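The values are calculated or read from the model by the stated rules, or taken from the named source; none is laboratory data. All values derive from a computational prediction rather than experimental measurement. A quick note on method: Cβ atoms are made from the backbone with ideal geometry, for glycine too, and the neighbour counts reach across all protein chains shown.
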Amino acid sequence: MKFEINKELLLEGFNKVVKVLGGKTSQPILNGILLEVEEDQLIFTGSDATETMRHCIPIVDQSIVVVQPGRIVFPREIVDITKKLNKKLTFSTNDFVVQIDSGKSHFELNCLDAAEYPTFPALSLTTPSVVLKGTEFSDCIKKTTFNASDSPSRPILQGVNVQLKKDCTELVCTDSHRLGRVLIPHENEHELSIVVPAKLLDKSSKAFNLELDIEIFVHEQNLMIKNGQTVYLTRLLDGKYPDTSRLIPATSKSKMVVSRKELLDGLELVKEIANSADGNANGIIKIEVKSEVSISSFQAQRGKGKVDVAYDSIEGDGEFTLSCSARYIIDALKAMETEYITFQFNGTASPFLLYPADEGKIKELQLVLPVRTA
């Protein structure tokens, strides 16, 4: 194998696929990056056996010159080395040793045999199950995945439930204490329900070009996402996702419209006292609504804090009080990009809802379960 390449193009390929390398694997070869040099393209592949990322760079000009095609598995360190080299690089192999020349720099790296690298499944990429705009896909991920459970006791709750319905695509994620749901209205030819690992979905989305469409393919227990020249593959979670529709209250006792930023700023201030009593993890705050919104926390060992925020409007019961996790409601508000949110109160023991006061094309809501206090 021998080729010349522009540094930026090589880093583009490496940076796309290195994100899936976990560093902990029983197969040492999966700590490396597979590079396949062909006459018309370069193919970069990274995998940790659970998820795989592949990125192709077509050869369209003299930025890449292939002298001799070939395949090799680079050690992960190749990414950091490439960053420090000059603009133009020349690669050549002698068995499993790769020589890299760039200006006055010369490196020789011990590499691995590409024949031992796991085979990328030959799945059809002709008819996607659903196509989303890059920005829509990114928004859906940001508004749902943080609600996933970290507990291994219910593995299914570590995923995002993606449902294709006749009139929309719905994503739901919950850990049983909070929930995020987004709906994208559009027609789907087929209906299906899958559960995608939330952490993997969030991580992979950072490698996509959001100016391009996201094409989603489902084949048995595999999910494949195509974005331009980048393809991501992962296994779906086994099991049936719980029916979350019954968790969302159909009626409300009170609806309050309030500035998202002012409410968030108030919560951020009070959480410092609330968290101090809970190892800086998940402190409980009190929200009391009368003529304004009072956010407070009292801890005997640390002190107390209170912030008042004016609401824009309220309907239904004019007063209510509840207690909840500061982190849960802060995460929910940060996931929104609206000026005003609707805070829907449904009773001291019922989940409350947060959603944009003015709905856009993507319909979203966040649900948080209140906590009982003495």
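Mind checking which residues of the range 281-313 are within 28 Å of Thr144 (Cβ to Cβ) and among the β-branched types (Val, Ile, Thr)?
Ile284, Ile285, Ile287, Val289, Val293, Ile295, Val309
Which one of Lys2, Lys87 is farther than 18 Å from Leu200 by Cβ, of a type in the set (D, E, K, R) and surrounded by 14 or more Cβ atoms within 10 Å (Cβ to Cβ)? Walk me through how you get there before you give the answer.
On the way: Lys87 fails: surrounded by 14 or more Cβ atoms within 10 Å (Cβ to Cβ).
Selected residue: Lys2, the only one of Lys2, Lys87 that is farther than 18 Å from Leu200 by Cβ, of a type in the set (D, E, K, R) and surrounded by 14 or more Cβ atoms within 10 Å (Cβ to Cβ).
Select from the range 301-318 the residues that are hydrophobic (A, V, I, L, M, F, W, C) and either touching a helix residue (DSSP H, G or I) at 6+ places or on another chain (Cβ under 6 Å) or assigned to a strand (DSSP E or B) (or both) and list them in ascending order.
If the condition is that a residue be hydrophobic (A, V, I, L, M, F, W, C) and either touching a helix residue (DSSP H, G or I) at 6+ places or on another chain (Cβ under 6 Å) or assigned to a strand (DSSP E or B) (or both), then Val307, Val309, Ile314 are the ones that fit.
Sort through Val79, Val98 and tell me the only one that's crowded, with 17+ Cβ neighbours inside 10 Å, among the hydrophobic types (A, V, I, L, M, F, W, C) and not in a strand (DSSP E or B). Talk me through it step by step, then tell me what you get.
On the way: Val98 fails: not in a strand (DSSP E or B).
Among Val79, Val98, only Val79 is crowded, with 17+ Cβ neighbours inside 10 Å, among the hydrophobic types (A, V, I, L, M, F, W, C) and not in a strand (DSSP E or B).
Please tell me if Thr119 is in contact (Cβ under 8 Å) with a residue 24 or more places away in the chain and of a type in the set (S, T, N, Q). Spell out how you get there, then give the answer.
Numbers: in contact (Cβ under 8 Å) with a residue 24 or more places away in the chain: no; of a type in the set (S, T, N, Q): yes.
No.
Checking Gln62 against (1) loosely packed, with under 14 Cβ neighbours inside 10 Å; (2) in contact (Cβ under 8 Å) with a residue 40 or more places away in the chain, which test does it fail?
Exception for Gln62: condition (2).
I'm told Ser205 meets every condition in (1) buried (at least 20 other Cβ atoms within 10 Å of the Cβ); (2) modelled with pLDDT under 95; (3) touching an Asp or Glu at 6+ places or on another chain (Cβ under 7 Å) except one. Can you identify the failing condition by its number?
(3)
In the set Gln158, Gln163, which member is over 14 Å from the mean Cα position of the chain (by Cα) and not acidic (Asp, Glu)? Quick ask: steps written out before the conclusion?
Working: Gln158 fails: over 14 Å from the mean Cα position of the chain (by Cα).
Testing whether each residue is over 14 Å from the mean Cα position of the chain (by Cα) and not acidic (Asp, Glu) leaves just Gln163.
Say whether the condition of being at pLDDT below 95 and among the β-branched types (Val, Ile, Thr) is met by at least one residue in the range 41-52.
Checked the range 41-52: at least one residue is at pLDDT below 95 and among the β-branched types (Val, Ile, Thr).
Which pairs have Cβ atoms under 7 Å, sit 6 or more apart or on different chains, and link a residue in the range 286-300 that is in the same structural domain as Leu264 (by TED's automatic domain parsing) to one that is assigned to a loop (DSSP other than H, G, I, E, B) and not acidic (Asp, Glu)?
Glu292/Ala310; Ser297/Gly283; Gln299/Ala277
Do you know which of the residues in the range 355-367 that are among the aliphatic types (A, V, I, L, M) and in contact with an Asp or Glu (Cβ under 9 Å, 6 or more places away or on another chain) is farthest from Asp175 (Cα to Cα)?
Taking the range 355-367 and keeping what is among the aliphatic types (A, V, I, L, M), we get 357, 362, 365, 367.
Then keep just the ones that are in contact with an Asp or Glu (Cβ under 9 Å, 6 or more places away or on another chain); that gives 357, 362.
Details: Ala357: 25, Ile362: 22 Å.
Looking at the filtered set, the residue picked out is Ala357.
Do any strands (runs of 3 or more DSSP E) lying entirely in the range 319-374 carry at least 2 residues that are at pLDDT 95 or above and more than 19 Å from Ile295 (Cβ to Cβ), and which ones are they? Step through it out loud before you land on a result.
Values: elements: 320-325, 340-345, 352-356, 363-368.
In the range 319-374, the matching strands (runs of 3 or more DSSP E) lie at 352-356, 363-368.
Looking at the range 173-192 only, could you name the residues that are touching a residue at least 60 places away in the same chain (Cβ under 8 Å), under 11 Å from Phe146 (Cα atoms) and not small (Gly, Ala, Ser)?
Correct list: Thr174, Arg178, Leu179.
Under the condition of being among the hydroxyl-bearing types (Ser, Thr, Tyr) and at pLDDT 70 or above, which residue from the range 271-302 is surrounded by the most Cβ atoms within 10 Å (Cβ to Cβ)?
First, pick out the residues of the range 271-302 that are among the hydroxyl-bearing types (Ser, Thr, Tyr): 276, 291, 294, 296-297.
After this cut, where a residue has to be at pLDDT 70 or above as well, the list is 291, 294, 296-297.
Numbers: Ser291: 11, Ser294: 17, Ser296: 18, Ser297: 25.
Out of the qualifying residues, it is Ser297.
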